[in-house]
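To start, the structure under review is shown below, and the notes come after it.
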Amino acid sequence: MAVIGGGVTGLGVARDLAQRGVTVALFEKGDLASGTSGRSHGLLHSGARYAVKDPVSASECAQENRILKKIASHVIEDTGGMFVAVEESDLEYERVFLDGCKKSGVRVEELSIKESLSREPYLNPNVVATYLVDDAAIDPFRLALANFLDAKSNNAQIFTYTPVRLLVEQGEVTGVRLIKSGENVHADIVVNATGAWAGEVCRQAGIKLEVKPNKGTLVVVSKRIVNTVLNRLRPPSDGDILVPHQTTMILGTTSTYVRTPDNLLPTRKEIKLIVMEEEKLVPLVRRLRVIRAFSGARPLLEGGSGREAARTFLVIDHDESGVKGLITVTGGKLTTYRLMAEKTADLVCAKLGVRAPCSTDKEELPEVPVKSTLERYEALEGELRDGKEVVCECEMVTRSEVEKAFNVLAARTLGDVKRRTRMGMGECQAQMCAYRVADLMAESFGFGADEALNMLSDFLREQWKISRVLEGSQKAQTEFFKTMYRLAGSLDG
Ligand SMILES: Cc1cc2nc3c(=O)[nH]c(=O)nc-3n(C[C@H](O)[C@H](O)[C@H](O)COP(=O)(O)OP(=O)(O)OC[C@H]3O[C@@H](n4cnc5c(N)ncnc54)[C@H](O)[C@@H]3O)c2cc1C
């Protein structure tokens, strides 16, 4: 059977089916987690955020939060979360919030203001109420990689940079066509796990599915000054969540419907709005450097608009509306990806007559053979003593980890190395490490010099896209490096 989409949902489906002994091939048009999964806030929801407006999604998040903390603890930093009322008017939401959490089975505990401030000294000292929830930080890239490794270890075949379209013969979906080579791959069932692109793929079989891409922007600041996920205690709105990630913090988000999920870029207005709102939670945020901003597209389903739209998911058997051979799974959250995969795999297995039950809620995901930055900081002394060469000083990525990204984790470009190791995600934004990794690619991985240079150029062009909307010291820093690359390497990105 074939899966389209290498985000967490598609990889979760491939993992689940491969564990049950089904032969699976997965096709992703870009890199693993290069769609919405890699553009998320990386918040493992406790469910509290959806408790009032979307209790089904809240309960799903609460359940999956507990499961993922068991099976994927190595890609999660269990920071805990706080819901914080910063203005008297926020208290209007307090009662419905507590009722919603109770009804959806979301654990919530009141924290005194004194305790909150001692836990998070940079929190706004004027906060009027705080509640503790089970939120955590989850690394979407490492989550995707762990699913990839598990699926592969059970013989799933995973093809990146392989865009496909549905193969439709006499009104039935019979497989996929590889767009680049024109080759047809036949499959008993095709799972469309393309998230915000799901409507587009369905159209190829003449099916109308309304998945509305909803743009969200996130802002990365260079310092980590809180250790707990912070949420504003108010109805979900712009700029009301802050997630500590490794050495940085990610602030966000926004919500705007867009025509297509492709090529989304943050605007200066969105960045300003997010910083202005987050300042109410942590006033010092204003003085931190914005090193990056990015946007992704939520796959929202019909029912309400923007923030009101349900965050639950759909598994659709298109056989029921007359198109055999196709199942679509879309909507949901990163937090609920495993449950989405389980329900999809159950349906596939029922159709194929496979009786093996799902075990992804019990079996731990495999370790990813590159460290997180925090783990590297702990191991740093030993690494350096062993003479391991650090190629990215901001995130302490070693040469051997870059090699593993290529040899074990299917990296093919500099961007892939970044997603697998955090190379270039830190303060200098790859200005110092990009050329070193390009050099390594030419030296160790058989890329020709021209090919490595082109790849470096492509990577820098992508990195520098954001310069247009940055301001202040980060803009100056980026422009300075652009000039250096231009003068020293004739590279203009
Ligand atoms: C700004 C933002 C913040 C978010 N924050 C959170 C959060 O903190 N916590 C949380 O739980 N959820 C969060 N979400 C939601 C979450 O990220 C998504 O629900 C989830 O990642 C979707 O995963 P997916 O695998 O279904 O889709 P994707 O990750 O988008 O994967 C679909 C893949 O299909 C591929 N594809 C499309 N068409 C084709 C084709 N023709 N051929 C081959 N491949 C194709 C795409 O390239 C893509 O990689 C956030 C979303 C956004 C936008």
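Considering 272, 280, 208, 215, which residue is of a type outside the set (A, V, I, L, M, F, W, C), away from the ligand (no atom under 13 Å from the Cβ) and in contact (Cβ under 8 Å) with a residue 40 or more places away in the chain?
Within the list 272, 280, 208, 215, the selection yields 280.
Search the range 1-29 for residues that are over 21 Å from residue 199 (Cβ atoms) and pair each with any residue that is within 15 Å of the ligand (Cβ to nearest atom) and among the acidic types (Asp, Glu) when their beta-carbon atoms are under 7 Å apart and the residues are at least 6 apart or on different chains.
Note: pairs meeting the criteria are 16/342.
Pick from 29, 103: which is surrounded by fewer than 23 Cβ atoms within 10 Å (Cβ to Cβ) and within 10 Å of the ligand (Cβ to nearest atom)?
One residue alone meets the criteria, 29.
Look at the range 229-250 and say how many of its residues are away from the ligand (no atom under 15 Å from the Cβ) and either over 18 Å from residue 373 (Cβ atoms) or hydrophobic (A, V, I, L, M, F, W, C) (or both).
Of the residues in that region, 3 qualify.
Residues that are more than 19 Å from residue 120 (Cβ to Cβ): list the strands (runs of 3 or more DSSP E) wholly contained in the range 209-285 that include at least 3 such residues.
So the answer is 211-221.
Among the candidates 15, 39, 119, 20, single out the residue that is in contact with a strand residue (DSSP E or B) (Cβ under 7 Å, 6 or more places away or on another chain), among the charged types (D, E, K, R) and either at pLDDT 95 or above or within 15 Å of the ligand (Cβ to nearest atom) (or both).
Answer to the check: 39.
Say whether the condition of being in the same structural domain as residue 253 (by TED's automatic domain parsing), open to solvent by 20 Å² or more (accessible area, probe 1.4 Å) and under 26 Å from residue 278 (Cα atoms) is met by at least one residue in the range 63-77.
yes
Quick one: in the range 42-71, of everything that is away from the ligand (no atom under 13 Å from the Cβ) and outside any helix (DSSP H, G or I), which residue is nearest to residue 105 (Cα to Cα)?
51
The values are calculated or read from the model by the stated rules, or taken from the named source; none is laboratory data. None of the values given here were measured: they were computed from a predicted structure. Cβ atoms come from the backbone with ideal geometry, glycine included; neighbour counts cover every protein chain shown. Please note that ligands, DNA and RNA were not included when accessible areas were found on the heavy atoms of the full protein model with its side chains. Shrake-Rupley method; radii C 1.70, N 1.55, O 1.52, S 1.80 Å.
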